[in-house]
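First the structure, in the form of structure tokens, and then the observations on it.
The values are calculated or read from the model by the stated rules, or taken from the named source; none is laboratory data. All figures in this text were calculated on a predicted structure; none of them were measured in a lab. All Cβ positions, glycine included, derive from the backbone under ideal geometry; neighbour counts span all protein chains shown.
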Amino acid sequence: MNSLPLDLRQTLAVARRLLAATPAQIQSRLSRAVRDAPDERLERLMQTPVRHVVLEALFWRLSQRLDPWRTVAIDASIRLRITGRSDRIVDVYDLELAADGCRVARGPAGREPRLTITVDTVQLLRLAAGDSDPLRAYLRGGLRVSGDVALAAKLAWLLGAPSAGGARHG
């Protein structure tokens, strides 16, 4: 750990403190930290073991944010492919939407996805923090979609998430 640059050690220490907080506090503080950080710092952070913890927290929070009343009419699997690792391995998470809500599985859950979204880690963090707009990210190539594009359009609605209209990054 001591071989890490000072700012990375400090970032890891902050991440540990954040992860000790409640989920709502994690979301709020993570959003603030992401908004304030340059892409290069986020890239470095997500090359460390913290990546796994941050992704797990993001997807746990996502499963909690999905409005079960809105998923009633949707029975679908959505695969998220997260790029940006130094070893070029892609992290895969499957969201299983059903009448009883959403389940998240690390790795393929078995069912063929109706929609696959491929996104770089930094772009995912910016989207999760509300610091990037999904449509703008898609148009700029930072987010790729294949499969049921109509389902992709419904995803923000399913989350009940406000648009990131004031987003700085895209």
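Filter segment 68-95 for residues that are at pLDDT below 90, surrounded by fewer than 20 Cβ atoms within 10 Å (Cβ to Cβ) and part of a strand (DSSP E or B) and give the result. Of everything in segment 68-95, just one residue is at pLDDT below 90, surrounded by fewer than 20 Cβ atoms within 10 Å (Cβ to Cβ) and part of a strand (DSSP E or B), namely A76.
Do we have any residue at all in segment 35-47 that's of a type in the set (A, V, I, L, M), crowded, with 17+ Cβ neighbours inside 10 Å, modelled with pLDDT of 85 or more and closer than 28 Å to G110 by Cα?
Checked segment 35-47: at least one residue is of a type in the set (A, V, I, L, M), crowded, with 17+ Cβ neighbours inside 10 Å, modelled with pLDDT of 85 or more and closer than 28 Å to G110 by Cα.
Figure legend. Inter-residue proximity from segment 130-147: first residues closer than 23 Å to R61 by Cα, second residues buried (at least 17 other Cβ atoms within 10 Å of the Cβ) and among the basic types (K, R), beta-carbon distance below 7 Å, spacing 6+ or different chains. Indicated pairs: S132/R126.
Here is a yes/no grid of residues against (1) assigned to a loop (DSSP other than H, G, I, E, B); (2) at pLDDT 85 or above; (3) in contact with a Leu (Cβ under 7 Å, 6 or more places away or on another chain); (4) over 21 Å from R32 (Cβ atoms):
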| position | (1), (2), (3), (4) |
| --- | --- |
| R103 | no, no, no, yes |
| R106 | no, yes, no, yes |
| G110 | yes, no, no, yes |
| L135 | no, no, no, yes |
| G141 | yes, yes, no, yes |
| K154 | no, no, no, yes |
| S163 | yes, no, no, no |
